[in-house]
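Student: Following this message is one structure expressed as structure tokens.
Just so it is clear, none of the values below were taken in a lab; they were calculated from the coordinates. Just so it is clear, the structure is predicted and the values come from calculations on it, not from any experiment. A quick note on method: Cβ atoms are made from the backbone with ideal geometry, for glycine too, and the neighbour counts reach across all protein chains shown.
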Amino acid sequence: MGQKGLSWLDWRLHGIVFILTVVTERIGTHRIPLGPGVIVLFPMLYAMILGLVLYLGKFVKKEQADAAEPMIVLAIAYLIAKIGVLIGPSMPKIIAAGPALILQEFGNLGTILLGLPLALALGFGREAIGMTHSVGREPNVGLIVDTYGFNSPEGRGVMAVYIVGTVFGAVFMGLMAGFLSTILPLHPLSYAMATGIGSGSMMTAASSSLAHVFPELKDDIVAFAGASNLLTTATGLYMSIFIGLPLANKLYSVLKPRFSKNQKEVVKNA
């Protein structure tokens with residue numbers, strides 16, 4: 001166990017977490033109108049942002065952050081148990097969703113169709129393939145490293161997305177879920193299914209935001225989000241292997257020459 005095992009008993013670490021919890025719960029939930037939509041700010045978002053500030057400000061040591069990481073898994077375990085309880089009563093609705101819940105996995109391919117051209121426009125090379133072939137969580141990092149190697153351009157790309165997603169992903173998902181659900185005329189449960197991207201923390205942040213926007217559908221939102229996240233966790237890697245990564249490579253081979261030509265012309269005319 002060593003020093004890391006003792007860190008679990010660090011009273012300062014638990015004290016910081018307790019204070020953050022009390023402060024963020026006291027702040028409560030706030031809605032900020034933004035054009036036709038609404039951005040929902042809730043305690044979990046405050047806690048993540050304040051925790052990041054404390055870490056960057058050296059108030060939380062790296063050893064404490066390393067010790068806190070596995071505690072997140074334990075905390076999410078309670079959430080998974082709650083989702084399991086809620087899925088049971090909502091099972092008829094989930095079954096009624098049928099193909100929609102299964103086919104929602106194809107929505108993750110949007111990271112390729114939208115993200116890869118943007119990455120190429122910004123000047124990235126084959127890093128764009130690693131960055132955009134998926135949402136870049138642990139299984140996808142393993143796929144890219146196994147296929148191309150850790151020090152490859154693709155490896156650097158997927159690691160960049162993984163790190164950014166770990167730090168900012170939950171905050172981004174929480175803000176965007178609440179905002180988009182108030183400006184686009186889609187059913188709340190379709191947004192709930194969209195939150196299941198294979199990341200427990202991102203799914204939690206996004207579904208919590210949706211639950212604040214649609215409190216009358218809170219239990220159904222959590223159930224659909226949990227079922228969607230479970231399906232994505234089970235099928236997401238296969239989607240990346242057989243569809244996502246080949247599609248990213250094909251799209252890269254088609255678009256890269258065009259972007260390279262445009263960039264050379266811009267440099268020549270500068």
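Student: Those residues that are in contact with a strand residue (DSSP E or B) (Cβ under 7 Å, 6 or more places away or on another chain) and of a type in the set (Ser, Thr, Tyr), I need them from the stretch 148-201; list them, please.
Tutor: Correct list: Thr182 only.
Student: Under 7 Å by Cβ, and 6 or more places apart or on different chains, what pairs join a residue from the stretch 113-138 that is more than 17 Å from Thr166 (Cα to Cα) with one that is assigned to a helix (DSSP H, G or I) and of a type in the set (Asp, Glu)?
Tutor: Arg126/Glu154; Glu127/Glu154; Ile129/Glu154
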